[in-house]
Amino acid sequence: MEEVDSFDNKKYFIKSSSSLNGINDIATELIGVAWYNSKVHHKIKYEISVQRENYIKVKYSEIKGIVPKLSKKSYLSNIKYIEKVIDHYCSVWGGDSVKPSVPLHGDFSLLGNIVFINDDIPVIIDWEHFRLDVAPIGFDAMYFLFELIWFQTSQSNTICKHSLIHLNKMLIKLKSANCLNEVFINKPLEATIKFMLNNDNYWGSQFNKMPIIFFSKNDIDFIDNQMSF
Amino acid sequence: MQSNLIEKILNLYPQQDENMIFKSGREGYWSNLSKKENDSFKNVLDNDGPKKAVQSVIPQFEDMIYSEKREAALELLNHEELGVCIDFGCMWGVLSAGMARRGHHVISIDQTYQSLLFLKKRAEEDNLNNIHIVQDDIKKTKFTDIADYAIVNGVLEWIPILEDVEVKKFYGKRLHSSSSDSKTPNNMQEKFLETVFASLKDDGEMMLAIENRHSHQYYMGRKDPHANLLFTTFLPRRLSNLISKIFHNKPYRNYIYSFKKMESLVMSVGFKECETYMCFPDYHFPEMILKYSKQGILEYKKYPNENRITNKQKISYYFEYFIMKYLKLKFFSPAIVIVAKK
C-alpha cells in the first residue's frame, strides 16, 4: 500500500476498475496527480489500496471546498473563480513555459473538476486524460475559458460581449506570464479547437463530449475577432 | 491455494467433463435465451470465441455480459485480501469474471450447461485461470467453510421456481404449471440462504442483490419483473397468487422483499452483521449505490441513464427524483444490495 502524505481515511472516494481501459485511465490519472502534487502546496491525497494485474483500487481523500455550479451566466457569475484559476494555471504551468510542449490536463473544467478550498484556493482534480508534454502552453487555460463561454452561449443563445472582454483580459494575463503559446495569439478559439481535432486520440471516446468542439464556425470567427492582445 | 481448492471441489464433484467443468449430475435450465437460441449461439461460440459470438448472435446482451458497470456492487466487498468466492447462479459469469479479475479464486455454480460453457470460453479468452466451474443445482450444493465471499446476484427470487426457465416463455401465459413443490417460496429461499451461509468461512461476506418489493416503479405501473403482472410485487402474497393463477395459471412464487424483510431473512440464517444499500436505477446496471440509512438518502442525486427513453420511464425517474431527493422515501428505492458477514 502506498501512502501519499497523510491520507485522511475518514472521508474518501474510490476509483477502481477491472477493465484494461479503466485501469489505464486510473494509472494515467495517478501520473497526472503526481505531476500536479509536485507543483502545488495543497496536494491531492490518495492511497492505492489494491493493485493487481487486472484490478486497481485507489482511495482519494475528500477535498473539502466549493465546486462552482452551472448557471445561465456561467462565465459572468464565476469571474472570481476564473481569475483564481488563471493565476493558479500560471503558477503551476508557468515553470514549464520555456518548453515547446507542456503537460495536458485534458478536462480543465470549472464545472466539476476544480475544487476551491475555503472558497479561495483552487485544486484541480480528475486527471485521467493527463499526458506529459504534449500541449502548447496555455491550452488547458484556453479550454477552461472557452468552455465557460460555450455553456453560457448555449444556455442564453447569445454570445455575451462582457464575458468576451473579461476573457480577453485573461488572455493578456496568460500572455504576460509567458503562459500562452504563440499559436493562440491570432485566433485563440480556432487554435484551441484545432489542437483538439488534431489530437482527438488524447480524449478517446470522451472526445465527442468536449463542449467547445461544438462551437459553430460563425461563433468561432466572432469570438476570435473580439480578441485583441 | 489453487491446487488445494481444486482438491476440495473434487471431493464434492469427482467428475469433470472434457471442458473441465465439474459435474454433479444435476442439470437444469435458466437462461435469457431459449434452448434453440442457445444451440445456435454455441455453434458461433465454438468458431468465433465468446466476445465475437455475443456481438454477432446476441448483441442485445453485450452490455449485460461485458459492461463493467455490472460489477459495481462488488466494490462493496473488501478486496484487500485475496480469497475464495462462490458465485451462486453465475449464469454467463459476469460477476465471476469480475471477482476473478480482482484476484480471487472463484467457484462459479449454475445448473445451465450452455451458460457455463460460455463462461469457460470467456475465462480462457480473458486469461482468467482462477475460475472453477461447477454444474449443479445451487440449492443442493454442499460447500462448507470454504468461501471468503459468496455472490447471490439476482438469484434468490428464482429459488422457488423448480422448472426450467426460458425467460421469454416464462413471462408468457401458460396453461399448465409444474411448480408443485409443497414448501413455501419463503422457506425455500431461507433454506438456500442457509446453504450459502454454510459455504462461508467465519467472517466471510455474502453480497446479495434483489429488487425491492416496494420499488416506486411498481406503484407507477411497471410490471413485476418476474411474474410480468401489475402490482403483484407489493400486494399481499395471497392476492398476488390469485392474480397469477387467474392470468397465468400458475402460482406466484418469485418472492422479493422490502428492505426490512430482506435484512430479517438474511439475519435469520445466522449472519452476524448486515450492511444494506439501495441501488438506482436497478442492481443490474447500477448508477448509484447508497447506504440504506437517513444519511445515505441525503446523498441521492441526479444520475445519467441511457435506458431512460420512453415518456413513462422519464416520468418514473422524475417521480423517483422527487420522492428520494425531497421526501427521502428510501423505502421505495428500486433495488436492494446486502453485504452480510458470517
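Phi angles across segment B:184-199 convert, under the Karplus curve 6.51 cos²θ - 1.76 cosθ + 1.60 with θ = phi - 60°, into 3J(HN,Hα) values of 6, x, 4, 5, 5, 5, 5, 5, 5, 5, 5, 5, 5, 4, 5, 6 Hz, Gly and Pro given as x. Loop-located GluC sites (Glu not before Pro) in segment B:261-328 (DSSP state other than H, G, I, E, B) with a sparse environment of at most 11 neighbouring Cβ atoms within 10 Å: B:Glu299, B:Glu306.
Centre-to-centre, using Cα atoms only, segment A:124-177 and segment B:319-342 are separated by 40 Å. Averaging the sequence gap over all C-alpha pairs within less than 8 Å and six or more residues apart, then dividing by the number of residues, gives chain B a relative contact order of 17 percent. Here the scattering of segment A:76-226 is modelled by Debye summation over its C-alpha atoms, one equal scatterer each and no solvent; at q = 0.09, 0.12 Å⁻¹ the log10 of I(q)/I(0) is -0.25, -0.45.
Count the net charge of all other residues whose Cβ sits under 11 Å from the Cβ of A:Ile137, scoring Lys and Arg as +1 and Asp and Glu as -1. Every neighbour counted, the sum reads -2.
Which entries of A:Lys15/B:Lys302; B:Lys51/B:Lys325; A:Lys59/B:Lys325; A:Lys43/A:Lys161 have Cα-Cα distances beyond 30 Å here? Could the numbers behind the result be given before it?
Values: A:Lys15/B:Lys302 19 Å; B:Lys51/B:Lys325 40 Å; A:Lys59/B:Lys325 27 Å; A:Lys43/A:Lys161 36 Å.
Beyond 30 Å between Cα atoms: B:Lys51/B:Lys325; A:Lys43/A:Lys161.
Between A:Asn186 and A:Asp219, the simple spin-label model (points 7 angstrom out along Cα→Cβ) gives 2.4 nm. Applied to segment B:112-129, the Karplus parametrisation 6.51 cos²θ - 1.76 cosθ + 1.60 on θ = phi - 60° returns per-residue 3J(HN,Hα) values of 8, 4, 4, 5, 5, 5, 4, 4, 4, 5, 5, 4, 5, 4, 8, 6, 9, 8 Hz, with x for Gly and Pro.
3J(HN,Hα) couplings calculated from phi for segment A:37-42 with the Karplus curve 6.51 cos²θ - 1.76 cosθ + 1.60 (θ = phi - 60°) are, in sequence order, 4, 6, 10, 10, 7, 7 Hz; Gly and Pro show x.
Remark on B:Asp282: its backbone amide H falls under 5 Å from those of B:Glu287, a criterion applied only to residues 5 or more positions apart or on other chains, H modelled at 1.01 Å from N. Peptide B:66-75 has a mean shielding of 2, counted as Cβ atoms of other protein chains within 10 Å of each residue's Cβ.
Given the Cα-Cα distance of A:Asn201 and A:Glu53 and 0.36 nm per residue of separation, how much length would full extension add, in nm? If you can, show how the numbers build up before the last one.
Values: separation 148, 0.36 × 148 = 53.28 nm, distance 2.48 nm.
Between A:Asn201 and A:Glu53, full extension yields 50.8 nm more.
Cβ-to-Cβ counts within 10 Å put B:Thr276, A:Thr28, A:Thr192 in ascending order as A:Thr28, B:Thr276, A:Thr192, the fewest first. Each part reduced to its alpha carbon centroid, segment A:40-111 and segment B:231-258 end up 53 Å apart. The fraction of Cα-Cα pairs per 10 angstrom bin, counted from 0 for segment B:283-340, comes to 21, 57, 21, 2 percent, rounded to whole percents.
For chain B, rounded, prolate or oblate, judged on the Cα gyration tensor with a ≥ b ≥ c (square roots of eigenvalues), a/c < 1.5 rounded, else prolate if a/b > b/c? Before the final figure, lay out each step's value.
On the way: a/c = 1.39, a/b = 1.27, b/c = 1.09.
Since a/c stays below 1.5, the shape of chain B is classed as rounded.
Panel values: segment B:181-334, Kirkwood radius from alpha carbon pairs, Stokes-Einstein at 37 °C and 0.692 mPa s, translational diffusion coefficient 194 µm²/s.
Geometric descriptor of the protein assembly as shown, per residue, is 173 Å³ (volume of the convex hull of the Cα atoms). Shielding of peptide A:201-214 by partners, expressed as the average count of other chain Cβ atoms within 10 Å per residue Cβ, is 0. Length, then width, then depth: along the principal axes, the Cα atoms of segment A:2-61 run 33, 25, 16 Å.
Here, each number is a calculation from the coordinates, and none is a lab measurement. None of these values were measured; they are calculated from a predicted model. All Cβ positions, even for glycine, are placed from backbone atoms using ideal geometry, and neighbour counts span all protein chains on display.
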